[in-house]
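Everything on this sheet refers to the single structure shown next.
The values are calculated or read from the model by the stated rules, or taken from the named source; none is laboratory data. On a predicted model such as this, the values are computed, not experimentally measured, just so you know. No Cβ is skipped: glycine too gets one built from the backbone with ideal geometry, and neighbour counts run over all protein chains shown.
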Amino acid sequence: METSGDATVKREGKDIAESNSEKYVLDLQPAEKGLESQILEADLVLWTVGSKALLPELEPCDKPHELPLNARGQAETDETLRVKGHPRIFAIGDSSSLRDSAGRLLPATAQVAFQQADFAGWNLWAAINNRPLLPFRNDAAISPSFIDGVTLEGPIGHAARKLAYLIRLPTDEHRVKVGLSWFTKSAIDSVASVQSTLTKVLSGS
């Protein structure tokens with residue numbers, strides 16, 4: 001989230017109250033009572049939040065949950081992303097608890113949820129049209145940091161992370177724009193590095 005003006009963070013409420021080209025007004029729930037609004041000047045605002053399953057809030061609190069939920073409120077699903085015991089309900093992302101073929105719980109990351117969306121969309125169509133459902137397969141290459149037993153560091157790790165990012169961009173236009181941006185920045189940095197080296201050499205001589 002970028003802004004060239006001020007960012008006003010209100011420590012009461014939880015919804016975005018105002019947004020325009022000059023500023024962002026954010027309403028956040030306070031960690032403590034009695035906190036007042038605060039104006040923060042920022043060129044870049046990073047929003048970091050935790051994940052929370054909303055399934056428990058969809059069912060009456062005075063009745064036992066009909067859906068099989070784990071301790072985090074996530075629905076337990078089979079390999080096709082259907083909620084166990086409820087073949088007409090699918091769950092993905094933060095609301096889904098799914099284990100891989102080795103019995104390991106898949107990480108609650110955007111990369112996994114993004115892939116689940118494709119499978120869930122297909123399986124919804126397949127279920128309506130009496131077609132076989134596809135089992136979800138997580139492509140770990142999309143999330144290099146989650147490949148078991150493999151640690152990628154240095155230039156190789158950097159390149160792998162950028163490649164995974166490019167793969168998951170929605171359109172070829174996005175990939176071209178981002179790729180050109182990275183290439184341009186890399187070229188500028190390289191030229192600056194060469195100039196700095198030449199300056200040091202000439203100064204030393």
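Mind listing whichever residues of region 70-90 are at negative phi and of a type in the set (A, V, I, L, M, F, W, C)?
Within region 70-90, A71, A75, V83, I89, F90 qualify.
Residue pairs whose Cβ atoms lie under 7 Å apart, separated by 6 or more positions or on different chains, with the first residue in region 127-156 and over 14 Å from P107 (Cβ atoms) and the second at pLDDT below 70 and of a type outside the set (F, W, Y), are L152/P144.
From the set of residues in region 90-131 that are of a type in the set (K, R) and out of contact with any strand residue (DSSP E or B) (no Cβ under 7 Å at 6 or more places or on another chain), which is nearest to A164 (Cα to Cα)?
First, pick out the residues of region 90-131 that are of a type in the set (K, R): 99, 104, 131.
Narrowing the set further to residues that are out of contact with any strand residue (DSSP E or B) (no Cβ under 7 Å at 6 or more places or on another chain) leaves 104, 131.
Details: R104: 22, R131: 31 Å.
So, considering only residues that are of a type in the set (K, R) and out of contact with any strand residue (DSSP E or B) (no Cβ under 7 Å at 6 or more places or on another chain), the one nearest to A164 (Cα to Cα) is R104.
The set of residues from region 118-141 being farther than 21 Å from D100 by Cβ and under 26 Å from the mean Cα position of the chain (by Cα) comprises L124, W125.
The helices (runs of 4 or more DSSP H) falling completely within region 107-205 that include 2 or more residues that are out of contact with any Cys (no Cβ under 9 Å at 6 or more places or on another chain), modelled with pLDDT of 85 or more and under 21 Å from S95 (Cβ atoms) map to 110-128.
Every residue, every condition in (1) aromatic (F, W, Y); (2) within 25 Å of R131 (Cα to Cα); (3) part of a loop (DSSP other than H, G, I, E, B); (4) modelled with pLDDT under 70, yes or no:
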| site | (1), (2), (3), (4) |
| --- | --- |
| S51 | no, no, yes, yes |
| E57 | no, no, no, yes |
| K63 | no, no, yes, yes |
| L67 | no, yes, yes, no |
| R72 | no, no, yes, no |
| R88 | no, yes, no, no |
